[in-house]
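See below for the structure under consideration.
We did not get these values from a lab; they are worked out from the coordinates using the rules stated. Keep in mind that this is a model prediction, so the values were computed, not measured. With ideal geometry, Cβ positions are generated from the backbone for all residues, glycine too; neighbour counts draw on all protein chains shown.
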Amino acid sequence: IYDGDLEQAEGVPETALALKRRIGAADGVVLVTPEYNAGIPPLLKNAIDWVSRITEEGDAPGSVWKERPTLLGAASPGALGGIRALLQLRQTMEVGLGAFVAPSWIMLPGAGGAFAEDGTLKPGRSADLMEAALAQFLRLVEAVPGLRTPR
């Protein structure tokens, strides 16, 4: 669990450093979360917090997320499809860390019954919206290199 005192005493966990490097090497990031009590799970927030703290080669804290194309998705057993978790995650990623968050989200209401026996998403509105969100995200990933602030 992220703790500033722990970071100072023991340094950054290797797993957090590895995650930061994988994100840094990616053209874009897709973050998908369940919704727990109208928010994101604490372990997802913890991973985001650790990655945002790591600095290497003179980069600023959180810079791995800055202007990185990011698609958000959520699943929920209820009818809202994780929208409350998405709102919280969007605020963290866009306002807090400066990611380029795609305008469309992936939302999967009734997640427990959304998949076929073979594990694929059942055809229908959710699948169509997911496909559209992914297509939009790919266009964002292609456009962002020309939009990023030179470092």
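Going by average Cβ neighbours within 10 Å, how do the peptides 93-106, 30-43, 120-133 rank, with the highest at the top?
Working: 93-106: 18.4, 30-43: 15.8, 120-133: 12.9.
So the order, starting with the most tightly packed, is 93-106, 30-43, 120-133.
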Using alpha carbons only, how many degrees (0 to 90, rounded to 10) separate the axis of helix 125-143 from the longest principal axis of the chain? 30 degrees
Pick out which of Gly112, Gly81, Gly62 has the largest mean-square fluctuation in a Gaussian network model of the chain, springs linking Cα atoms closer than 10 Å. Gly112
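Out of the DSSP beta bridges found with both residues in the chain, what percent are antiparallel (nearest 5)?
Working: 2 of 13 bridges.
Beta bridges within the chain, antiparallel portion: roughly 15 percent.
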Near Val29, within a Cβ-to-Cβ distance under 10 Å, what is the net charge of the other residues, with Lys and Arg +1 and Asp and Glu -1? +1
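Mind checking the full-extension length gain between Ala127 and Gln91? Use 0.36 nm per residue of separation minus the Cα-Cα distance, one decimal, nm. Let's see the in-between values first.
Details: separation 36, 0.36 × 36 = 12.96 nm, distance 2.52 nm.
Between Ala127 and Gln91, full extension yields 10.4 nm more.
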Anchor Lys20: lysines whose Cα lies under 30 Å away (excluding residues fewer than 8 positions away in-chain): Lys45, Lys66
